[in-house]
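Below: one structure, written as structure tokens.
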Amino acid sequence: MSKSWQAVLKHKALNAWGLFCLLSIPMSLVMVAEMLRTDLSAPTGVSHLISYAVRWAVPLIYLVTAASALHALFPGPLSTWLMRNRKHVGLSFAVAMAWQGLFIFLVSTSHRDYYFSEIFLLRDEIEGSTGYLFLAAMVATSFEVGRRLLSAAQWKLLHRSGVYFLWAYPFSVYWWNLFIYPDPRPIDYVFYWGGFIAFALRIAAWGRKRQQAALRAAAGSVPTANRIAGASLIACGLAAAGTGGWWQKSVTGFLTAPEWSANLVAWLPFWPFELFLPLVAVGLGTLTATTGRAAGSGFPEPAAD
Ligand code: HEM
């Protein structure tokens, strides 16, 4: 990257609160413009605004999810810039979600009948409210005054779980749109694969750390069988990620066959977790392909980011 680009990435307007304003002010103006164009007296109009607002939020949470992995895999000025500004990208995500929250409030108060007949579903409500609780706690603890209430380990646990949950929510929405509902739209493909890639990058960065630990272990080596098995699992995971429509019905049927499992579908977010199986296969493949012997004991587990 040229020196002038590096200077651009250090500009005040592209960092910290400058970046926050650059992302959230135009986004809010666009939101107001869309509100003015929409018939707010019709519940379907407000519902449209809910979707509209969240589409601004989704790319931001994916960027936050992938930031540390991009930095580990592709060190350079751009990934360093993203890593440095992760918090402010996250806060801009919170602004977009606040807009969605406002529209949800509007529809649930001024169009109560529509809300309870067309929108309200216990499981979605639990999922969405959990997402907003995470978001509120993450925003509050992004500032010194809130941060002081938690230990470093608690802060890390809250923010990592929150990012995972807030990544999983849209990822699951677009997975359903692609593989369960008919007539997926182009945006469903973009946001499904965007979410998949964001998480797969995290797995790749974790695998890279394990590989580096292997290189550091003097006698370390990964048996060829592990490499082949790992690569095969990763290939299966990638294939499954693109073919959900082929296996979803049978896998979901199998996982929800016991009565207790079928009951969980009513309220447990994301249950039975079948949409995550391709990523689990990619993760297991990465684990297998980077597991070997360091002087007969296995490689040390690298610290997570
Ligand atoms: C109690 C909280 C929530 C409620 C009641 C709610 C409700 C809704 C509604 C009514 C829609 C529009 C569906 C339609 O187009 O007909 C929607 C879409 C969506 N919501 Fe939420 N939501 C909540 C929380 C969340 C959270 C925390 C996220 C996480 C990012 C999220 C992500 C999405 C996504 C990705 C869409 C699809 C947008 C699209 O059409 O592309 N929602 N939500």
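So if we plug the beta-carbon distance of Tyr164 and Arg216 into 1/(1 + (r/R0)^6) with R0 = 22 Å, what FRET efficiency do we get, rounded to 0.05? Intermediate results must be reported in sequence, preceding the final value.
Values: r = 28 Å, r/R0 = 1.29.
With a Förster radius of 22 Å, E is 0.20.
Applied to the range 180-191, the Karplus parametrisation 6.51 cos²θ - 1.76 cosθ + 1.60 on θ = phi - 60° returns per-residue 3J(HN,Hα) values of 10, 7, x, 6, x, 9, x, 5, 5, 5, 4, 7 Hz, with x for Gly and Pro. Only helices enter this figure: runs of n ≥ 4 DSSP H residues, each worth -39500 (n - 2.57), summed and divided by the residues of the chain, yield -25000 deg cm²/dmol at 222 nm to the nearest 500. Available extension along the chain between Phe116 and Val190 is 23.6 nm, counting 0.36 nm per residue and deducting the alpha carbon span. Axis of helix 122-140 versus longest Cα principal axis of the chain: the two differ by about 80°, to the nearest ten degrees. Which ³J(HN,Hα) values in Hz, rounded to whole numbers, follow from the phi angles of the range 50-62 under the Karplus curve 6.51 cos²θ - 1.76 cosθ + 1.60, where θ = phi - 60° and Gly and Pro get x? Per residue, the Karplus-derived 3J(HN,Hα) values read 4, 5, 4, 5, 6, 5, 6, 6, 4, x, 6, 5, 5 Hz. Taking θ as phi - 60° and the Karplus parameters 6.51, -1.76 and 1.60, the scalar couplings of the range 255-260 work out to 6, 9, 5, x, 4, 4 Hz in sequence order, x denoting glycine and proline. Amide H contacts of Gly292: Phe299, each under 5 Å away and 5 or more positions distant or on a separate chain (H built 1.01 Å from N in the peptide plane; Pro and chain starts excluded).
Comparing mean-square fluctuations of Ala69, Ala136, Ala225 from a GNM of the chain with C-alpha springs under 10 Å, the top value falls on Ala225.
Please tell me the relative contact order of the range 133-263 in percent, rounded to the nearest whole number, where contacts are Cα pairs under 8 Å and at least six residues apart. Across the range 133-263, relative contact order equals 17 percent. Once the Cα atoms are used to define both axes, helix 224-242 deviates from the longest principal axis of the chain by about 10 degrees. Charged side chains reduced to their Cβ positions (Lys and Arg at +1, Asp and Glu at -1) give the range 161-228 a dipole of some 520 debye around its Cα centre. From the square roots a ≥ b ≥ c of the eigenvalues of the alpha-carbon gyration tensor of the range 102-186, which class results: rounded (a/c under 1.5), prolate (a/b over b/c), or oblate? Taking the square roots of the gyration eigenvalues as a ≥ b ≥ c, the range 102-186 is oblate. Let me check against my output: what whole-number percent is the relative contact order of the chain, with C-alpha pairs under 8 Å and at least 6 apart? Answer for the chain is 19 percent. In the chain, the longest principal axis of the Cα atoms and the axis of helix 86-110 are about 40 degrees apart. Annotation for Ser151 and Arg227: the two label points, set 7 Å from Cα along the Cα-Cβ direction, are 4.2 nm apart.
Let me know the shape class of the chain, please: from the alpha-carbon gyration tensor, a ≥ b ≥ c as square roots of the eigenvalues, rounded when a/c is under 1.5, otherwise prolate if a/b is greater than b/c, or oblate. It comes out oblate by the Cα gyration axes. Any of Lys3/Lys209; Lys87/Lys209; Lys10/Lys209; Lys10/Lys156; Lys209/Lys249 with alpha carbons more than 31 Å apart? Name them for me. Violating the 31 Å limit, Cα to Cα: Lys209/Lys249. Within 10 Å of each residue's Cβ, count the other Cβ atoms and sort His48, His159, His11 from fewest upward. Exposure proxy ranking, most exposed first: His11, His48, His159.
Modelled spin-label separation between Glu125 and Lys249, with each label point placed 7 Å from Cα along the Cα-to-Cβ direction: 3.2 nm.
Readers should treat all values here as calculations from the given coordinates under stated rules, not as data from a laboratory. Owing to the predicted nature of the structure, the values given are computational and were not obtained by experimental measurement. Using ideal geometry, Cβ is built from the backbone for each residue, glycine included, and neighbour counts are taken over all protein chains shown.
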